[in-house]
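K.L.:
The structure follows.
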Amino acid sequence: MRARVLVAIDGPAGAGKSTVAKLLASRLDFLLVDTGALYRTVALAAQRAGLSFADDEQVGALAEGLAAERRIHMEAESQGDARGVRVLIDSEDVSSFIRTPEMSLGASRVSANPRVRDALLAMQRQAGENGGVVLEGRDIGTVVFPDAEVKFYLTAASTERAQRRMDELLAKGSAVSLEETLADVNKRDRADTERPIAPLRQADDAYLVDSTGMPIEQVVDGMVRIVLAKDEELRRGRNL
Ligand code: DC
């Protein structure tokens, strides 16, 4: 049994997951693990190796090699008020290269590759095993930690998700239109929910949180209450 709860947050692109996960981790003083960064890093490594994202054979072998030789790994870092992790290839911090629209689509494509998913599984499980952690992704509550003490499935209307994604990209200096971003969001949703391996779906025991039109602080307040209640239950259970 874990000493503290493990929180799984899954949901589609642009549902506000990263913002919510960061605020939640910081309010709880939990470690924040953004698992999408791992898939983005594999996409980056594939691109650097001159591979097509769709080349399942080669990309699968690449991901397996990177994981087995521990050439891809996570390292703790502070992210504003939260304790988070960054991903490194060898010793290179690739954070600034993986947040581009190209790597978003690349990550979505390589994440449909079962060998890539398998290669990244142990790393994610290791990061969360002791609890006191918020893991954010697409299949945390369904595949990576089906035994997570608290699971949230966070969603929002697709136009709102596209707007948020566009604001994020604009803040980073990439000029994109809402139409383009909405098309990207819809394309990724389709790819993430329709893939045969670990498709994006709400776990049966996950709380559904629809953040459409809701202030983010209000969303997080509700989630903090749920996690603290569960954490307290866990503590009481241990002391019996
Ligand atoms: O959360 P993100 O946008 O950084 O994720 C990038 C891609 O990685 C996303 O399209 C789907 C994939 N992903 C996944 O399949 N499973 C996860 N646990 C996290 C991300």
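The values are calculated or read from the model by the stated rules, or taken from the named source; none is laboratory data. Everything quoted here is computed from the prediction, not taken from an experiment. Note that we place each Cβ from the backbone using ideal geometry, even for glycine, and neighbour counts take in every protein chain shown.
K.L.:
Within the stretch 95-127, how many residues are of a type in the set (A, V, I, L, M) and not in a helix (DSSP H, G or I)? So that I can check it myself, show each step before the final result.
P.N.:
Of all residues in the stretch 95-127, those of a type in the set (A, V, I, L, M) come to 98, 103, 105, 107, 110, 112, 116, 119-123, 127.
Checking which are not in a helix (DSSP H, G or I) leaves us with 112.
So the answer is 1.
K.L.:
Here's something else I'd like to know. Do any residues in the stretch 37-62 that are within 16 Å of the ligand (Cβ to nearest atom) have Cβ atoms under 8 Å from those of residues that are of a type in the set (Phe, Trp, Tyr) and in a loop (DSSP other than H, G, I, E, B), where the two are at least six apart or on different chains, and which pairs are they?
P.N.:
From the stretch 37-62, the pairs are ALA43/PHE53; ALA46/PHE53; GLN47/PHE53; VAL59/PHE53.
K.L.:
Okay, moving on. Name every residue in the stretch 172-221 that is closer than 22 Å to GLY137 by Cβ and polar (S, T, N, Q), in order of residue number.
P.N.:
Selection gives THR181, ASN186, THR193, GLN202, SER211, THR212.
K.L.:
Additional query: State yes or no: is ASP90 charged (D, E, K, R) and at positive phi?
P.N.:
yes
K.L.:
Do any residues in the stretch 211-223 that are over 18 Å from ASP29 (Cα atoms) and without any contact (Cβ under 8 Å) to a residue 60 or more places away in the chain have Cβ atoms under 6 Å from those of residues that are surrounded by 14 or more Cβ atoms within 10 Å (Cβ to Cβ) and among the charged types (D, E, K, R), where the two are at least six apart or on different chains, and which pairs are they?
P.N.:
Filtered contacts from the stretch 211-223: THR212/GLU160.
K.L.:
Select from the stretch 34-70 the residues that are of a type in the set (Asp, Glu) and part of a helix (DSSP H, G or I) and list them in ascending order. So that I can check it myself, show each step before the final result.
P.N.:
Going through the stretch 34-70, the residues of a type in the set (Asp, Glu) turn out to be 34, 55-57, 64, 69.
Once the filter is applied, which keeps residues that are of a type in the set (Asp, Glu) and part of a helix (DSSP H, G or I), the stretch 34-70 yields ASP56, GLU57, GLU64.
K.L.:
Given the criterion within 26 Å of ALA54 (Cα to Cα) and either away from the ligand (no atom under 15 Å from the Cβ) or among the hydrophobic types (A, V, I, L, M, F, W, C) (or both), identify the matching residue among LEU170, LEU154, LEU178, LEU182.
P.N.:
LEU182
K.L.:
Sticking with this structure for a sec: In this structure, is VAL116 at pLDDT 95 or above, crowded, with 23+ Cβ neighbours inside 10 Å and within 13 Å of the ligand (Cβ to nearest atom)?
P.N.:
Against the criterion (at pLDDT 95 or above, crowded, with 23+ Cβ neighbours inside 10 Å and within 13 Å of the ligand (Cβ to nearest atom)), VAL116 qualifies.
K.L.:
So, one more: From GLU179, GLU217, GLU232, which residue is at pLDDT 90 or above, within 19 Å of LEU105 (Cβ to Cβ) and surrounded by fewer than 16 Cβ atoms within 10 Å (Cβ to Cβ)?
P.N.:
GLU179
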